[in-house]
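Reading through the structure tokens given below for one structure.
Values quoted throughout were computed directly from the atomic coordinates according to the rules given, and no laboratory measurement underlies them. Values in this document were obtained by computation on a predicted structure and should not be read as measured data. Note: ideal-geometry Cβ built from the backbone for every residue, glycine included; neighbour counts use all protein chains shown.
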Amino acid sequence: MRSTYCLFIGLLVAMATAENSAPQEPTSLADVNSEFALELYKALHKDHPENIFFSPFSISTCLAMTYLGARNETAQQMSHVLRFNKVNQTDFHERFHHLLTQVHHPDRLYTLKTANRLFGQNSFKFGQKFLDETSRNYGAELAPLDFRGNTEGARQTINNWVEEQTDNRIQEIMEPGFLSPETVLVLVNAIYFKGSWESPFYTSDTMLNSFHVNPEEDVQVPMMYQDGMFKFGRDENLNCQILEMPYKGKHLSMVLVLPDKIDGLNAIETSLTPELLNRWQNSMVKEDVGILIPKFKLVQDFGLSEKLSEMGMPDLFGTNVDLSGMTGSRDLHVDALLHKAFVDVNEEGTEAAAATAGDIVLSGPTYEFDADRPFLFFIKDNDTNSILFMGRLVRPEGTTTRKDEL
């Protein structure tokens, strides 16, 4: 059976220092999160021309906790970049709580765990209202640590918590020396996903095949194959195919966007908007599709401070930051916002070959979805239309060959 594992770790580190727009029509929080997700993807793409993988949902969650304590220009910048200004502000954090509750269902046929925690300097006084609201709306309790007297011990405590929340998939999220005695607050968000396909792949159908990284370069990778009825669509304007593959229970799906040409991904990426995603979603119909996709694993680390500053919220990471909603005074600044995400799409164990041995194939599938070239992918919650993870696969692991050497 083929399963997908996804992990996200977000770290926002605040350190001690010496020192609203007009309302708009209320919009779905999932929609504004998607808008931010696509804009952040475009920003990351500038410096990462090959593989990308991240969890926009968790980045938004981590920053929403920070937004709870932001004031004045800092809050306005965050609201604009994160698109929070498009949502009714009177019950914003209650809405986020509701969205988190909708996404997290422990009784479903997949594992999706989200966890938030505040790690604060034990001698530092945080505002009780801030602590109460992060606990009520985000389930983020304050864990007191001694950054000043035992910096290394604090780092190990946070790393151990992250390992526990991610089933030991991510270890040593913070390397030695990352924290300092001046650290007073670390906001951590972790998300872990493990799901199996509604329609499984079989190991007997997996074979080595060429993945075309670019017109001059191939990588030999294990490719998985199956055919069946899947939601499928085509965008003639952008010259690409769109495929939706549900996970067990059909509450979550992976959506893949495959350009016709090996070098056709960039034109699609520059056109990405929430409206385009919705148009694709509404245009797909169930078709008989033959699917060829690679097994792949991605681990990505991002320092997001610079990117978010470029996108329009520099105050959060500068000396003008106002997080007085956390402490009652402007004595904090954000030192770093780190992001680590992991995805492993693979086969686990074996499926009985007898399950399909009796099938009689009368004809081939109507459509072929051969993901043997760079493609986009999204993992989304179908009930809320939230993008939990997104990325692009350009260079899977494998043996590289140049076509001019063949």
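Cross-linked pairs K250/K295; K194/K261; K42/K86; K231/K380; K46/K261: Cα-Cα separations exceed 24 Å for K194/K261. Couplings for region 368-379, taken from phi via the Karplus curve 6.51 cos²θ - 1.76 cosθ + 1.60 with θ = phi - 60°, read 10, 10, 9, 7, 9, 7, x, 8, 8, 8, 10, 10 Hz in order; Gly and Pro are left as x. One decimal place: the segment Q89-K129 gains 12.7 nm when fully extended, by the rule 0.36 nm per residue minus the C-alpha distance. Among the trypsin sites (Lys or Arg not before Pro) in region 39-117, those placed in a DSSP loop whose Cβ has at most 11 other Cβ atoms within 10 Å are K46. Taking a ≥ b ≥ c as the square roots of the eigenvalues of the Cα gyration tensor, region 191-259 is oblate, since a/c reaches 1.5 or more and a/b is not larger than b/c.
Each Cα pair under 8 Å and six or more residues apart adds its separation to the average, and for region 145-290 the resulting relative contact order is 19 percent. Placing a pseudo-label 7 Å from each Cα along the Cα-to-Cβ vector at N72 and M229 gives an inter-label distance of 6.1 nm. Remark: spin-label model distance K42-T111 equals 3.7 nm, labels positioned 7 Å along the Cα→Cβ axis. If the chain linking S283 and N168 were pulled fully straight, counting 0.36 nm for each residue of separation and taking away their Cα-Cα distance, it would gain 37.4 nm. Here is the result for region 198-240: no chymotrypsin sites (Phe, Trp or Tyr not before Pro) lie in DSSP coil with at most 13 other C-beta atoms within 10 angstrom of their C-beta.
Working from label points 7 Å from Cα in the Cα-to-Cβ sense, the T400 to S271 distance is 3.0 nm. Sequentially through region 71-76, phi angles give Karplus couplings (6.51, -1.76, 1.60; θ = phi - 60°) of 9, 6, 4, 4, 5, 5 Hz, Gly and Pro residues having no value and appearing as x. Distant-in-sequence amide contacts of D227, defined by a placed amide H-H separation under 5 Å and a gap of 5 or more residues or a different chain, comprise I291.
By definition, a body whose alpha carbon gyration tensor gives a ≥ b ≥ c is oblate when a/c is 1.5 or more and a/b is not larger than b/c, and region 97-145 fits this oblate description. Packing here is the average count of other Cβ atoms within 10 Å per residue, and on that basis the peptides 264-276, 320-332, 297-309, highest first, run 320-332, 297-309, 264-276. The chymotrypsin sites (Phe, Trp or Tyr not before Pro) found in region 132-163 include none that occupy coil by DSSP while having at most 13 further C-beta atoms within 10 Å.
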